[in-house]
1. Any idea what angle helix 185-201 forms with the longest principal axis of the chain, computed on alpha-carbon atoms, 0 to 90 degrees, nearest 10?
2. Residue-wise, which Karplus ³J(HN,Hα) couplings in Hz belong to the stretch 345-351, taking 6.51 cos²θ - 1.76 cosθ + 1.60, θ = phi - 60°, and x for glycine or proline?
3. What ratio of Cα Rg to 2.2 N^0.38 Å holds for the chain?
4. Where does each of 202-215, 177-190 land if you order them by average Cβ count within 10 Å, highest first?
5. Can you run phi through the Karplus equation (6.51, -1.76, 1.60; θ = phi - 60°) for the stretch 38-45 and list ³J(HN,Hα) in whole Hz, with x for Gly and Pro?
6. Order by neighbour count: 343, 127, fewest other Cβ atoms within 10 Å first, most last.
7. Roughly what angle does helix 58-74 make with the longest principal axis of the chain, taking Cα atoms, 0 to 90 degrees, to the nearest 10?
8. So what does log10 I(q)/I(0) come out to for the stretch 1-76 at q = 0.13, 0.15, 0.18, 0.24 Å⁻¹, using the Debye formula with one equal point on every Cα and no solvent?
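Here, each number is a calculation from the coordinates, and none is a lab measurement. What you see is a predicted model, and the numbers here were worked out from it, not measured in a lab. Cβ placement follows ideal geometry from the backbone for every residue including glycine, while neighbour counts extend to all protein chains displayed.
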Amino acid sequence: MKFEAYISKLNKAIYVQDQHRLADLLQVRSITALSACEDAIRTRADVKHRIPKVIRGPWADVIVSHCECIKARLGRDCVEACTRQISTVTDLYGLACEADDYLRRIGDKTGRLEESARVVNRAFSTCINDSNFESPRETSRQQGTYFLVGLLFQIYFRLDTKHLCKNVLRVLSKVNIADLKYYPRPHQIKFKYYEGRYEFYNGNFTKAGEYLEYALQRCHKSYPTNKQRILAFLIPTRLYQGILPMQALLERYPALGAVYQPLVTAIKTGNIKLFDERLAQHEHLLLRQGTYLALEQARNIAIRTLFKKVYLVLGKTTRLQFHQFQAALKFVGMAIESAEVECMLAAMIYKGYIRGYLSHEHQTLVLSKNGPFPSLGSVLRSN
């Protein structure tokens, strides 16, 4: 078949929404596709430029990748063929999202993204079950493993079925595959980014920080948008741990700086009111990202900062009156009753941020003589 005729058939199948015909034409081993791509090689047709002139939208990218895959197979370049087919899977995700968005708009039943997850899962199973695991850079199907895992995680997060990531991670821990460092860097970064987000979602902030840091360090500076995506989760992870981002970092990413610079200032100064106001201001964004609860916990660090300042200003005395903390809170704009101050102190003791006990009768906080304000690292490890 002539290449031009093949493209016309694909375009017609897309236009009339003939899914069975389209599936047949897009088979890697399809006689029609093979003969059309042989014709493209023979006539030196420019696939990348010719297809988008006939086929519009995301389908053009899918079909370009498909044809490049078949051309690579005809040239016996199985590694390039695999790379091109992986690109097709990526395009499948975009098409599935687009299809579900359309179905949602017209009030029809969605589910195309769930179907794409099943397709990617089958591809993942094929990769990890390839017995040729000596090197993912050669001919083993396992070279696509971490790409597919990253894509699966992306789908699971989009579908809000993040718990399914656990099953994939369990499989990865049991199969005999090459170390992550041997896989393409983009695959490493995407996998660690989503693994970090998964641990963040589960409240494992130490692991989340480790994985997100891995992704950030390997993400090239020429991809600032990707770096910003990683930092959107790494910064709240570190804030929860009491580690504040550098001023220069927040200046480099103004969108992040607008959210986090006031929170950092509030934590440094113990200005709880400022912290609450800025958190409320960005509540919608942070809830959508899934970082709000972690940042809400970071409020404890701002409280600790303020209460420790009271301790230092009053000469490190081990007996402090509730009204002294009340005055400090009023200074930062929080006029509250003594009973509420007592509750705040009790919570800080319970969570390990302060060592000591309360005397309700004497309205006094009695601090431990040894390390009344433990390091944040030790507090987080004990919680």
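1. Approximately 40 degrees, to the nearest ten.
2. 5, 4, 5, 5, 5, 4, 7
3. Values: Rg = 28.0 Å, N = 383, 2.2 N^0.38 = 21.1 Å.
Taking N as the residue count of the chain, the ratio is 1.33.
4. Numbers: 202-215: 18.6, 177-190: 16.2.
Result, highest mean Cβ count within 10 Å first: 202-215, 177-190.
5. With coefficients 6.51, -1.76 and 1.60, one gets 4, 5, 5, 5, 5, 8, 6, 5 Hz.
6. Details: 343 13, 127 23.
With the sparsest Cβ surroundings first, the list reads 343, 127.
7. That works out to roughly 60 degrees.
8. Computed log10 I(q)/I(0) values: -0.32, -0.43, -0.62, -1.16.
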